[in-house]
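Asker: Take a look at the following structure, please.
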Amino acid sequence: MNELFLQNEIKSKIYSIRNKEVMLDEDLAELYQVDTKVFNQAVKRNIERFPDDFMFQLTEEEYENLRSQFVTSSSEHGGRRYMPYVFTEQGLYMLSAVLKSQVAIDVSISIMRTFTKMREFSMHYNALARQIMELEKKHNKKFKEVFERLDAIVEETQKTDEKIMGFIRKK
């Protein structure tokens, strides 16, 4: 499978729950090419490796909110007898120690690369946001003046019946 395709697939399966970036057990099982039941059994056999900050079970409300975000049909993610488990980034690292197949190794590497790229993007985005805020603070009066002038132009255009959407009406 193409690495870039796999990373995009992984990125689409990362959700923000309880202010943490997580992946669902069923999505991970699909990526690792095993049944969700088999995946969860492997995790439970190694439960000491997965404290609450590595893995936790969703509440019904969290799962319903999450299901509303799914692009795929709810029947694909429905029909469970229990609420799904989700894995934080640290839990995903730990999975690589539990799941030993070649597919699991390749997928784990792609997951780590995806999280790294997301973190790098976030750092660049935050730096850009800080720079914009600093510019706005330094030049707040100028920004305010520009916006006031734009508001005046829009207001004047709306008052004039001779103009329609910026064009002069023929009489």
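The values are calculated or read from the model by the stated rules, or taken from the named source; none is laboratory data. As the structure is a computational prediction, the values presented were derived from the model and not from experiment. Positions of Cβ are generated from backbone atoms using ideal geometry, with glycine treated the same way; all protein chains shown enter the neighbour counts.
Asker: Can you pull out the helices (runs of 4 or more DSSP H) entirely within region 52-119 that have at least 2 residues that are within 18 Å of Q33 (Cα to Cα) and either at pLDDT below 80 or in contact with a helix residue (DSSP H, G or I) (Cβ under 8 Å, 6 or more places away or on another chain) (or both)? Explain how you work it out, then say what you get.
Answerer: On the way: elements: 60-67, 74-77, 89-98.
Where helices (runs of 4 or more DSSP H) fall fully within region 52-119 and carry at least 2 residues being within 18 Å of Q33 (Cα to Cα) and either at pLDDT below 80 or in contact with a helix residue (DSSP H, G or I) (Cβ under 8 Å, 6 or more places away or on another chain) (or both), they are 74-77, 89-98.
Asker: While we're here: Name the pairs: first residue in region 94-106 and in the same structural domain as V22 (by TED's automatic domain parsing) and charged (D, E, K, R), second residue exposed (fewer than 15 other Cβ atoms within 10 Å of the Cβ) and not in a helix (DSSP H, G or I), Cβ to Cβ under 6 Å, at least 6 apart or on different chains?
Answerer: Within 6 Å, no pair qualifies.
Asker: Kindly list the number of the only condition in (1) out of contact with any His (no Cβ under 8 Å at 6 or more places or on another chain); (2) touching a residue at least 40 places away in the same chain (Cβ under 8 Å); (3) more than 17 Å from F115 (Cβ to Cβ) that fails for T59.
Answerer: Status for T59: all satisfied but (2).
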